[in-house]
Amino acid sequence: MNGQGDETGCMIDLVRISKTYLPDIKALQDVSLSIRKGEMIFLTGKSGAGKSTLLRLLSRMEKPTKGVIDVSGIDLNRISPARLQQLRRRIGFAFQDFKLLPDRTVAQNIAMAMEVSYTRTAVIRMRTRKLLQRLGLSDKYHTRTSELSRGEQQRVAIARALSNEPELILADEPTGNLDSETTGMVMDLFRQYNERGATLIIATHDESILRGTSHRVIELREGRIVDGGRGRTPSRTVHP
């Protein structure tokens, strides 16, 4: 926790994080975890294991009850509102419930993340069309998101998360409503961003994308890390 996340190659450092919701729901308990810059990891575990809570803490949508969270050398417990706003421009979050504006078009929803970063209009249009093409949604550019299927809405949420070319990508069940072919399309796009240097944390139940992966798979159970091994062959087990 020396504030030198970029120089040491550490993008995320969690030190004994706990999160308790009222009245006494322990979502996370004593979680410690380090993630290298440019790493791609998967969070797995049953519903209620703490995956979504961990992602919300990393984006500072919520604060931990205990512990320290360092993202890119910044202590999230002490970050100022202005610096938090700057940090969030470097984070892409694909929400499980999408959080799209239903009365806006697909293109308008994707553009929002870039507009707050003062991206030029021509660049916004270019990135939007390219992402929609990669995700098989080129014909939905002018369609209101309320008129899309859930699978299409999910892909729009992913496009929005990637549109600002973030350093850190947080994806909560990004393939939950997708068939196998579209899942492969999304994962190929995630891998491309990872190869460019982005750090990815993907929370998922989808065994098809975990099977045979060479990336680290971290299993949560009842708010604790029980497996932090590589791929599906754990190299170590962290006991509560």
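Suppose we filter L220, L137, L148, L162 for residues that are within 23 Å of R89 (Cβ to Cβ), at pLDDT 95 or above and surrounded by 18 or more Cβ atoms within 10 Å (Cβ to Cβ); which single one remains?
Values: L220 fails: within 23 Å of R89 (Cβ to Cβ); L137 fails: within 23 Å of R89 (Cβ to Cβ); L148 fails: within 23 Å of R89 (Cβ to Cβ).
Going through L220, L137, L148, L162 in turn, just one is within 23 Å of R89 (Cβ to Cβ), at pLDDT 95 or above and surrounded by 18 or more Cβ atoms within 10 Å (Cβ to Cβ): L162.
Based on this model, can you work out whether F42 counts as in contact with a strand residue (DSSP E or B) (Cβ under 7 Å, 6 or more places away or on another chain) and at pLDDT 95 or above? Even if it seems obvious, please write down each step before you answer.
Values: in contact with a strand residue (DSSP E or B) (Cβ under 7 Å, 6 or more places away or on another chain): yes; at pLDDT 95 or above: yes.
Criteria met by F42.
Restricting attention to the range 7-15, does a residue exist that is exposed (fewer than 15 other Cβ atoms within 10 Å of the Cβ), of a type in the set (S, T, N, Q) and without any contact (Cβ under 8 Å) to a residue 60 or more places away in the chain?
Just the residues of the range 7-15 that are exposed (fewer than 15 other Cβ atoms within 10 Å of the Cβ), to begin with: 7-9.
From what's left, of a type in the set (S, T, N, Q): 8.
Pick out the ones that are also without any contact (Cβ under 8 Å) to a residue 60 or more places away in the chain and you get 8.
Within the range 7-15 (the criterion being exposed (fewer than 15 other Cβ atoms within 10 Å of the Cβ), of a type in the set (S, T, N, Q) and without any contact (Cβ under 8 Å) to a residue 60 or more places away in the chain), the answer is yes, since at least one residue qualifies.
Please state which one of K130, K99, K63 is without any contact (Cβ under 8 Å) to a residue 12 or more places away in the chain and either part of a helix (DSSP H, G or I) or exposed (fewer than 15 other Cβ atoms within 10 Å of the Cβ) (or both).
On the way: K99 fails: without any contact (Cβ under 8 Å) to a residue 12 or more places away in the chain; K63 fails: without any contact (Cβ under 8 Å) to a residue 12 or more places away in the chain.
Exactly one residue qualifies, and that residue is K130.
The values are calculated or read from the model by the stated rules, or taken from the named source; none is laboratory data. Note that the structure is predicted; figures quoted are calculated from it, not measured. Don't worry about glycine lacking a Cβ; one is built from the backbone with ideal geometry, like all the others, and counts go over all protein chains shown.
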